[in-house]
Every structure is written in structure tokens, then in C-alpha cells.
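Notes follow once the structure below has been shown.
The values are calculated or read from the model by the stated rules, or taken from the named source; none is laboratory data. The structure presented is a predicted model; accordingly, all values stated were derived computationally and were not measured. Neighbour counts run over all protein chains shown; Cβ positions are idealised from the backbone, glycine included.
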Amino acid sequence: MTIDVRDRDGAKNGSVPALSELLGQLGEDVSELFAAEMRLMSLEMREEAKEAARASAVMVGAAVMAFLTLMLLAFAAAWGLAEVVPEGVAFLIVAVVVGIIAAVMGLVGRELFRKTEVVPRQAVSTMKEDVQWVKQQVS
């Protein structure tokens, strides 16, 4: 439904949509806006997950290689130390040193994971802005 608008002489100036049409259109626009924001959030989460998967794969490969290197170095250190002390004591010393290094690395890794964010900050921010905009339009 539209309302005819006339000037003082009674001539038609055009038409203005009724309030119900405007509110209906606002509802549709808000619905489309939230759907677009949800798509943005989904896309942002998917991209972050891909990046995390790639980084994890590289880190696993590096960890395997580092483990093999550490094993060879530990054996070399233990056999070298066995020239000075009995073999059992040499291997025990090397094992304790490697254990301390592993503990420190584990603590550092845990702190790095705590700093990781999984919330799509940009999408959440724009959703909050959209809610404020809708509240302003309705009031």
C-alpha cells in the first residue's frame, strides 16, 4: 500500500510507502544483513582453521625431525660421556638433561597455545555494530 502525496493545489507529487511496508522492508534488510554476517563469520573461521592446519602440519614434521636429531645427539653425548664415567651413569645424565629441556619446551608451548584466539573478532565486531544500527533504526 502506498500513500499519494499531493501539494497545496491538489496536484500529485508522488507516493510514499506506508509504515507497514517500511517496517517489512526493514525486517527483510535486517535478516539479509545478519545472514551476510553469518557467512562472513563462517568464512573467517574456515580461513583461520586452514592456516592452523597448515602450521600444525609443518610443526609436526619439524618435531619428528627434531626428535630424530635429538636421539642421535643424545646417543653421541652419552657415548662421549661414557669415556669419562660408566655407561649407565652417562646415559642417565643425558636423559636428565633431555628431560629438563622437554619440560621447558612443554611449558613454553602451553603458553603459546593460551595466546591463540579462535573467536572471529572482525565478524563479532561488525555483528555488534549491526545490532546497534538496527536498534537506532527501530527507535
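Remark: pairs (first residue in the range 102-117, among the aliphatic types (A, V, I, L, M); second residue part of a loop (DSSP other than H, G, I, E, B) and loosely packed, with under 10 Cβ neighbours inside 10 Å; Cβ separation under 7 Å; 6+ apart in sequence or on different chains) are absent.
Being without any contact (Cβ under 8 Å) to a residue 40 or more places away in the chain, among the acidic types (Asp, Glu) and part of a helix (DSSP H, G or I) holds for only one residue in GLU83, GLU47, and it is GLU47. Every condition in (1) modelled with pLDDT of 90 or more; (2) outside any helix (DSSP H, G or I) is met by GLU117 except one, and the failing one is (1). Checking VAL89 against (1) surrounded by fewer than 10 Cβ atoms within 10 Å (Cβ to Cβ); (2) β-branched (Val, Ile, Thr); (3) part of a helix (DSSP H, G or I), which test does it fail? Condition not satisfied by VAL89: (1).
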